[in-house]
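Accompanying notes for the structure given below.
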Amino acid sequence: MNSTDLSNPYQELGVSENSSHEEIKRAYQRLVLKGLSQDWPVSDEVDLDDMEYHEDTESYSSVCRCSGEYVISDSDLENGHNIVCCSNCTLSIRVLYNVLQDDASNNQ
Ligand SMILES: [Zn+2]
């Protein structure tokens with residue numbers, strides 16, 4: 001099979017044309033985080049302490065000025081991801097947080 005079709009953005013993102021706006025956004029976010037995290041334009045910086053933690057989903061959220069939501073999960077943070085796209089608009093934020101390991105080494 002030789003069906004590499006870069007003219008289909010859905011295929012490139014690994015989503016279908018029937019995917020919801022949010023699914024596409026998240027797929028795009030992951031694509032960006034993989035390769036372009038250094039160059040991704042960030043509109044704001046938010047301290048992790050100022051975000052709301054949701055135990056059920058093990059993720060942090062922050063409200064965007066458009067009333068959309070920024071969501072970043074524990075596993076994203078563990079993987080070193082700190083850029084989050086809004087669920088509703090094209091803005092993105094950088095999440096500021098300390099590496100958890102600092103805590104363990106000071107706790108003796
Ligand atoms: Zn927004």
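The values are calculated or read from the model by the stated rules, or taken from the named source; none is laboratory data. Predicted, not measured: the structure shown is a model, and the values here were computed from it. All Cβ positions, even for glycine, are placed from backbone atoms using ideal geometry, and neighbour counts span all protein chains on display.
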Checklist line | Hits in the range 61-85 - residues which are within 12 Å of the ligand (Cβ to nearest atom) and charged (D, E, K, R) | finding: Arg65, Glu69
Next item on the list: Under 8 Å between Cβ atoms, at least 6 apart or on separate chains: pull out the pairs that start in the range 64-78 with a residue that is touching a residue at least 40 places away in the same chain (Cβ under 8 Å) and end on any residue that is away from the ligand (no atom under 12 Å from the Cβ) and among the aromatic types (Phe, Trp, Tyr).
Entry: none
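Rundown of residues vs (1) at pLDDT 95 or above; (2) of a type in the set (S, T, N, Q); (3) over 24 Å from Pro9 (Cβ atoms), yes/no style:
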| site | (1), (2), (3) |
| --- | --- |
| Ser20 | no, yes, no |
| Gln29 | no, yes, no |
| Ser37 | no, yes, no |
| Glu45 | no, no, yes |
| Asp56 | yes, no, yes |
| Asn106 | no, yes, yes |
Check: Among the residues of the range 86-100, which ones are outside any loop (DSSP other than H, G, I, E, B) and within 16 Å of the ligand (Cβ to nearest atom)?
Finding: Cys86, Ser92, Ile93, Arg94, Val95
